[in-house]
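Note sheet for the following structure.
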Amino acid sequence: MAVCARLCGVGQSRRCRRRQRHNQQDQGSDSDMDEEEGERIVGETQSVTGGPENSAAAGPSVAHEAAAEATADSASPVPPNPQSLLDLPPEILVEVFSSLPGTELPNLALVCKKFRQILNTETIWRRRCTEEFGMREDLRKMEVVGVSSRELYAKLLHPYRHILGLWQPDIGPYGGLLNVVVDGLFIIGWMYLPPHDPRVEDPMRRRPLFRIHMWESNKVAVECMYGHKGPHKGDIQTGKKDEFSTKCNQTDHHRMPGGRQEEFRTWLEEEWGRTLEDIFHEHMQELILMKFIYTSQYDNCLTYRRIYLPPRVPSDLLQPGLFKGTYGSHGLEIVMLSFHGPCARATKLTGDPNVPAGQLTLDVDLNRPVCLPDLVHQRSIEELSRLVLGMHEEAQREVQNPDVAPQGAASEGAVAGGAGAAGLESAMEAQSESPQPGPSSSSASSEAQPFVLPLGVMTRNEVYPRTCKMCFYGTGLIAGHGFTSPERTPGLFVLFDEDHFGFIWLELKSFSLYSRLTDRLAHAYAPDMERFEAMLRNMQSWTS
C-alpha cells in the first residue's frame, strides 16, 4: 500500500493529490474518504464503491466509464514514461488489480476516485473468485440471477473463508471428519463417513450438514441440511481461532413420523448398511445402540475444531494423509498417517468408546524394520511373536536406559538402524544382504516379498494383499471401555504399497487393513510441520 501511495503521490493523510484537471468540481467532491469507512472489511460493499456518489458507476459499463475518465484526465497522449499508476490506461490497471489478493482491494479503493471506479469492474472480482476459491462457470449463473462477482466475494466467500478446510466435530469419543468447501454456488459442509464395514476399498460416503448461499436473494442464507425434510434455517457462529459452531433453528425437521424407533432404523441402514436383525453379535449391537443414543444428542448444535493434513518431506516412507481402517466390532474408522523423523504415527479422526478420536492409535519405529521369514514360518504366530517381542523388549530397555546405545538386533530376523532416514537406509541395505527374503530398499520401488497372515490371527478382510514391501516394529493403543487402562502393545506394521498398510495386533491376535482416502481435499494442508504437530497435541488433549 505504501508503494502504491508513493506512485500515486498520496501523502500521510491518505488523500490523493491528483493531477491538475480541467474539471475542478469532480476533484473537490471526491478528494476525501471517510477514515471509518476505509477500515471496513471487504464484506461491506460501501468500502469498495466509495459511497453513494459512485452508485451509477456500479453498472455493467464500469470499465467504459473508467476509460472515459482516463481520457478526460489526459488532454494529451499518455506519456511514454509514466510517472505514476494514474498515468496507465484503465485496461492495464484492471489487469494489475486483478492479480492482487481480494483482501487488499478495499485499501486500494481509498487512493482516489479512478481506482474506486476501476475496482467496480466485474473482471477483477471474477478473477479473485476463480483464483482464491476455484469458482469458474458458476459465476455466470450468479450473474444471471442478479448477483455480481463482487457481491459474491464480499458477502459470501470472503466472510466465510475461515471455515474452509478440514474440521473434527466434538462428538465425544466418536469424532468425525468435516470438509467445508466451495461447491458450485454454495459453501457446503460435507461430513465424510467411512464405507460400510469391512469394505475399506469403497469410496467415502458424504452427507451434507449445512450450506451457505446467496442463491435466492442478495443476502447470505445459512441452512441446516441434517434430517430428512430438506434444507431449513440454521446458523454459524465463529468464536475462538480455528473453531466454529453450527446451530439448527428448526430441529423438528430432524424428527421422523415413526418416532425414535424409525429414526434408529434409518440411521442404522445409513451407518452400517444393514438392519439390527442382521447383526447377531450381542456386544456389537450394544456398541451400535450406544453410538446412536450418544450422537443423536448433537443434532441441534455442533462445535468443530480445525485439523490439518501433514506436509510431506522427501524422507517420508510414503505420502502421509488419511486412511480408513478396520477396528473389529467398532467398524471402519478414519486415521491420519504422519511421519516424525524415525517414527510413523497414525492418529484417530474417528474413534470409539475404547480408544476415542484424537488418540495415537499406531506408533511405528522406522529404525526397527523386521525381515519376515519364508511363507511357512510366516503362518506361525509363535514365530512372528518371537521376532516382534524381541524388538519390543529391546525398545523397552532403551526407554529405561536412554544413555545406553542399542546393542543391535534382539533376535534373528530383526534389524535396528540408526536415527532418521539414514538409519532406515542402512538397515535396509543390511537387510538386503541377508539370505532371508525382505525389502531391498526404503524407497517406494522396493521389491515386494510374499506375505500371509499367521494362523489364528482374526481379520475382517479375507481379501488382503499377498505381497508387502516392508515391515516394522510398532505399538498399538488398546484400552477398556471409557478409555480406561490405556496400554501400548507390540505389533507389526506392514507396508503393502503407497495406498495400503496393515497392522497385526499381537495381544489381540487381530489384523487391521488400511486404505487411503482418495478424495481431493482443498484448504487442508498444514502451513508447516510445527503447526501440524501442535494440532496433533491439541487433538489428544480434547479426548484425554
Discussion item. Give me the residue from segment 294-305 that is in a helix (DSSP H, G or I) and more than 14 Å from ASP352 (Cβ to Cβ) and, out of that set, least open to solvent (accessible area, probe 1.4 Å).
Written reply: SER296
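For (1) modelled with pLDDT of 95 or more; (2) closer than 25 Å to TRP190 by Cα; (3) among the aromatic types (Phe, Trp, Tyr); (4) touching a strand residue (DSSP E or B) at 6+ places or on another chain (Cβ under 6 Å), each residue gets a yes or a no:
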{"position": "HIS481", "(1), (2), (3), (4)": "no, no, no, no"}
{"position": "VAL494", "(1), (2), (3), (4)": "yes, no, no, yes"}
{"position": "PHE501", "(1), (2), (3), (4)": "yes, no, yes, yes"}
{"position": "TRP505", "(1), (2), (3), (4)": "yes, no, yes, yes"}
{"position": "TYR514", "(1), (2), (3), (4)": "yes, yes, yes, yes"}
{"position": "ARG520", "(1), (2), (3), (4)": "no, yes, no, no"}
{"position": "HIS523", "(1), (2), (3), (4)": "no, yes, no, yes"}
{"position": "PRO527", "(1), (2), (3), (4)": "no, yes, no, no"}
Discussion item. Give all pairs with beta carbons closer than 8 Å in which a residue from segment 494-507 that is closer than 16 Å to VAL200 by Cβ meets a residue that is modelled with pLDDT of 95 or more and acidic (Asp, Glu); count only pairs at least 6 apart in sequence or on separate chains.
Written reply: none
Worksheet item: Which ones in segment 166-217 are free of Cβ contacts under 8 Å to residues at least 60 places away in the same chain, among the small types (Gly, Ala, Ser) and either closer than 23 Å to ASN354 by Cα or surrounded by 18 or more Cβ atoms within 10 Å (Cβ to Cβ) (or both)?
Response: GLY189
Practice prompt. From the list VAL180, VAL220, pick out the single residue that is of a type in the set (A, V, I, L, M, F, W, C) and in contact with a Phe, Trp or Tyr (Cβ under 7 Å, 6 or more places away or on another chain).
Written response: VAL180
Fill in: Residues within segment 239-259 that are open to solvent by 60 Å² or more (accessible area, probe 1.4 Å), touching a residue at least 24 places away in the same chain (Cβ under 8 Å) and assigned to a helix (DSSP H, G or I), tallied
0
Discussion item. Against the conditions (1) under 22 Å from the mean Cα position of the chain (by Cα); (2) on the phi > 0 side of the Ramachandran plot, where does GLY331 fall short? Just the number, please.
Written reply: (1)
Worksheet item: If the Cβ limit is 8 Å and pairs must be 6+ apart or interchain, which residue in segment 115-128 that is without any contact (Cβ under 8 Å) to a residue 12 or more places away in the chain pairs with which residue that is of a type in the set (S, T, N, Q)?
Response: none
Worksheet entry | Of residues in segment 266-291 being in a helix (DSSP H, G or I) and among the β-branched types (Val, Ile, Thr), the one nearest to ARG207 (Cα to Cα) | THR266
Practice prompt. Could you list all residues from segment 281-293 that are open to solvent by 90 Å² or more (accessible area, probe 1.4 Å) and closer than 16 Å to PRO198 by Cα?
Written response: HIS281
Discussion item. What pairs come out if I take residues in segment 520-533 that are in contact (Cβ under 8 Å) with a residue 40 or more places away in the chain and pair them with residues that are open to solvent by 60 Å² or more (accessible area, probe 1.4 Å) and among the hydroxyl-bearing types (Ser, Thr, Tyr) whose C-beta lies under 7 Å away, six or more apart or interchain?
Written reply: none
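Residues checked against (1) open to solvent by less than 20 Å² (accessible area, probe 1.4 Å); (2) in a strand (DSSP E or B); (3) of a type in the set (Lys, Arg):
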residue	(1), (2), (3)
ARG312	no, no, yes
LEU318	yes, no, no
VAL335	yes, yes, no
PHE339	yes, yes, no
ALA357	yes, no, no
Worksheet item: So which residues in segment 341-355 are open to solvent by less than 20 Å² (accessible area, probe 1.4 Å) and not in a strand (DSSP E or B)?
Response: LEU349, GLY351, ASP352, PRO353, VAL355
Fill in: segment 221-238 - residue that is exposed (fewer than 15 other Cβ atoms within 10 Å of the Cβ) and of a type outside the set (Gly, Ala, Ser) and, of those, farthest from ASP170 (Cα to Cα)
LYS229
Fill in: Only one of THR467, THR475, THR459 that is closer than 11 Å to SER510 by Cα and among the hydroxyl-bearing types (Ser, Thr, Tyr)
THR459
Worksheet item: Within segment 229-238, is even one residue modelled with pLDDT of 85 or more, closer than 30 Å to PHE186 by Cα and touching a helix residue (DSSP H, G or I) at 6+ places or on another chain (Cβ under 6 Å)?
Response: yes
Worksheet item: Restricting the first residue to segment 446-474 and requiring it to be closer than 19 Å to ARG199 by Cα and open to solvent by 30 Å² or more (accessible area, probe 1.4 Å), which pairs with a second residue that is part of a loop (DSSP other than H, G, I, E, B) and charged (D, E, K, R) meet a Cβ separation below 7 Å and a spacing of at least six or different chains?
Response: MET458/LYS509; ARG460/ASP197
Worksheet item: Of all the residues that make up segment 359-388, how many are within 30 Å of MET284 (Cα to Cα) and assigned to a loop (DSSP other than H, G, I, E, B)?
Response: 3
Discussion item. Filter segment 270-324 down to the residues that are of a type in the set (Val, Ile, Thr) and either free of Cβ contacts under 8 Å to residues at least 12 places away in the same chain or touching a strand residue (DSSP E or B) at 6+ places or on another chain (Cβ under 9 Å) (or both) and list them by number.
Written reply: THR275, ILE279, ILE293, THR303, ILE307, VAL313
Item to complete: Please enumerate the residues belonging to segment 292-335 that are modelled with pLDDT of 90 or more, under 16 Å from LEU521 (Cα atoms) and touching a Pro at 6+ places or on another chain (Cβ under 7 Å).
Response: PRO310, PRO320, LYS324, ILE334
Item to complete: Would you check which residues across segment 492-542 are hydroxyl-bearing (Ser, Thr, Tyr) and within 20 Å of the chain's Cα centre (by Cα) and list them?
Response: TYR514, SER515, THR518, TYR525, SER541
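The values are calculated or read from the model by the stated rules, or taken from the named source; none is laboratory data. As the structure is a computational prediction, the values presented were derived from the model and not from experiment. Reconstructed Cβ throughout: ideal geometry from the backbone, glycine too, with neighbour counts over all protein chains shown. We work out accessible area using only protein heavy atoms, side chains counted, and drop any ligands, DNA or RNA first. Shrake-Rupley method; radii C 1.70, N 1.55, O 1.52, S 1.80 Å.
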